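Each value in this text was obtained by applying a stated rule to the coordinates, not by laboratory testing. On a predicted model such as this, the values are computed, not experimentally measured, just so you know. Here Cβ is always computed from backbone atoms with ideal geometry, including for glycine, and neighbour counts include all displayed protein chains.
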Amino acid sequence: MAVWVEIDLCNGCKRCIKACPYGAMEFEDNKAHVTERCTSCGACIEVCKQEAIKTDVKPKEIPDFSDRKGVWVVAEQRGGELKRVSLELLGKAQELASALNQEVAALLLGHKVSGLCEQLIEYGAEKVYLADHPELADYRTVPYTDVVESLIRQYKPNILLMGATHIGRDLAPRVSRRVGVGLTADCTELNIDPEEKILLQTRPAFGGNVMATIANRYSRPQMATVRPGVMEAKKRPGLKGEVITHEVHLSPKGLETKILEAVTEKKKGVNLVNAKVIVAGGRGVGDANGFKKLEELAEVLGGELAGTRVAVEEGWIPVERQVGQTGQTVRPELYIAFGISGAIQHRAGMMNSRYIIAVNKDPRAPIFQVSDWGIVGDLHDIIPEMISRLKTQ
Ligand SMILES: Cc1cc2nc3c(=O)[nH]c(=O)nc-3n(C[C@H](O)[C@H](O)[C@H](O)COP(=O)(O)OP(=O)(O)OC[C@H]3O[C@@H](n4cnc5c(N)ncnc54)[C@H](O)[C@@H]3O)c2cc1C
């Protein structure tokens, strides 16, 4: 047996029973016993003050990753235009790389896209790995995966970040599978552990009820995707970056998928991600008429209207205006939340706004924890007052 209890040493404190995530410890005759559900995870051993729980499983060794260097961002472009999320990720990559004393690099795949290297350097890429090939003109899963894989194998990065866009969500899992590493999708926060120097990847888990921080000790690169609007793009003036042209070899088998036609979906005219001011409402707004008043306020402020999932489910606003874990992630200069309780799933989409004002009649509403200013009161009194004061300014 890999884990067992030295019965004579066990004092029946039951700490191990509480600590076991698999329910593998049982209690009988005032002593703990290990059952076949045990996975040898070692959680019980860590909490046993009597040192009564023994194992013959050797701790997993952390491989030597000293040759793994660099924080990489897959720069997404479409039709020769960089997606904003790539620049946002470069902003975060600068922070991570400085904590690790490593460099920031961007991977740019496409055809005739070398003109974009300058912009990537301006936003913090010290190196740009450029893979330029006619077959890479439009995104296709297999050729793009082949190229990113070959770059990883050749240059051995430490961290690889991608946008959680349609393309990133297709490409990232393929790449992670190919190179045999884990992937944390839709991260809302990325940091470097100051002691272990590994990437701490935070994302909502268990239906958004908790924020989980995930770390990968045993494989490289550490891979994460981040939704647009979560991180902040930062220019790095004066940076002299280097462009490294990567020789592209594509197997004919990977080119079997052909793009016959690209149909661009018409934008529905909502641009929450780039909005400077967002006026958002929740259940407390009460009905569609309440949202008309909010829309008026948004107009006066030159901002966009948004809301919680409840507001969408009630049919007060369309789904493309939903902010949160399953909606848009926004980062305006000003976010005003009316009648929004501040559930974790909503906060995940707006907590990086520069300034947050919350209006709620409940002084204990969690939204106040992330607000810069709070107004405790009835939104039906406050909204007309705000509109009239702003109009007479
Ligand atoms: C997997 C999952 C994903 C989710 N994704 C999202 C998401 O992307 N976005 C999202 O928003 N939610 C999401 N949710 C739902 C989320 O958990 C909450 O249920 C939701 O955000 C609550 O919306 P709310 O704040 O409008 O309503 P409530 O929580 O009911 O809050 C209403 C607030 O209005 C206040 N209020 C009432 N009347 C007034 C008044 N007259 N004046 C002032 N204040 C008033 C109340 O005090 C209360 O705080 C998700 C849930 C799950 C499980």
Q.
Going through the cross-link list LYS60/LYS197; LYS92/LYS197; LYS292/LYS361; LYS60/LYS127; LYS69/LYS112, which pairs have a Cα-Cα distance over 25 Å in this structure?
A. LYS60/LYS127; LYS69/LYS112
Q | Contact order normalised by residue count of the stretch 71-255, Cα under 8 Å, 6+ apart, percent | A | 29 percent
Q.
How would ASP64, ASP193 line up from fewest to most surrounding beta-carbon atoms within 10 angstrom?
A. ASP64, ASP193
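Among TRP4, TRP316, rank each residue by its count of other Cβ atoms within 10 Å, from fewest to most, as a rough exposure measure.
Final ranking by Cβ density, sparse to dense: TRP4, TRP316.
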**Q.** Fewest-first ranking of ARG309, ARG153, using other Cβ atoms within 10 Å as the exposure measure
**A.** ARG153, ARG309
**Q.** Gain upon complete extension [VAL243, ALA99; 0.36 nm per residue less C-alpha separation]
**A.** 49.5 nm
Q) Any idea what the relative contact order of the stretch 1-154 is, in percent, if you count C-alpha pairs under 8 Å spaced at least 6 apart? A) 16 percent
Q | Straight-distance crosslink candidates among lysines, where the alpha carbon sits under 21 Å from LYS266 and sequence neighbours closer than 8 are dropped | A | LYS83
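State whether the stretch 277-391 is rounded, prolate or oblate according to the following rule on the C-alpha gyration tensor (a ≥ b ≥ c being the square roots of its eigenvalues): a/c under 1.5 gives rounded; otherwise a/b larger than b/c gives prolate, and the remaining case gives oblate.
Rounded is the answer for the stretch 277-391, as its axis ratio a/c remains below 1.5.
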Q. Using alpha-carbon positions, what is the distance between the centroids of the stretch 56-129 and the stretch 199-213, in Å?
A. 23 Å
Q) In deg cm²/dmol and to the nearest 500, what is the mean residue ellipticity at 222 nm of the chain if only DSSP H runs of at least 4 residues count, each as -39500 (n - 2.57), divided by the residue total? A) -7500 deg cm²/dmol
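Mean separation of Cα pairs under 8 Å and 6+ residues apart, divided by the residue count of the chain: what relative contact order is that in percent?
Details: 801 pairs, mean separation 45.7, N = 393.
With pairs under 8 Å counted, the relative contact order is 12 percent.
Looking at the chain, which longest stretch skips every one of the GluC sites (Glu not before Pro) that is in a DSSP loop with at most 15 other Cβ atoms within 10 Å, leaving the sites themselves out? Write down the numbers at each step before the final one.
Details: sites that count: GLU6, GLU36, GLU51, GLU61, GLU195, GLU196, GLU232, GLU247, GLU256, GLU261, GLU265, GLU333.
Longest site-free region, per DSSP loop and neighbour criteria: 62-194.
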Q. Can you tell which of VAL323, HIS133, ILE198 lies farthest toward the positive end of the dipole of the chain, using +1 and -1 charges on the Cβ of basic and acidic side chains (Lys, Arg; Asp, Glu)?
A. HIS133
Q: Pick out which of GLY342, GLY110, GLY238 has the largest mean-square fluctuation in a Gaussian network model of the chain, springs linking Cα atoms closer than 10 Å.
A: GLY238
Q: Just grab the label-to-label distance for ALA212 and SER66, each label 7 Å out from Cα along the Cβ direction, in nm (one decimal).
A: 3.4 nm
Q: Would you look at the GNM of the chain, springs on alpha carbons closer than 10 Å, and say which of VAL74, VAL47, VAL147 moves the most?
A: VAL47
Q: Would you list which lysines come within 17 Å of LYS293, measuring only between C-alpha atoms, while excluding same-chain residues fewer than 8 positions from it?
A: LYS391
Q) Between PRO194, PRO157, PRO204, which gets the highest mean-square fluctuation from a Gaussian network model of the chain, Cα cutoff 10 Å? A) PRO194
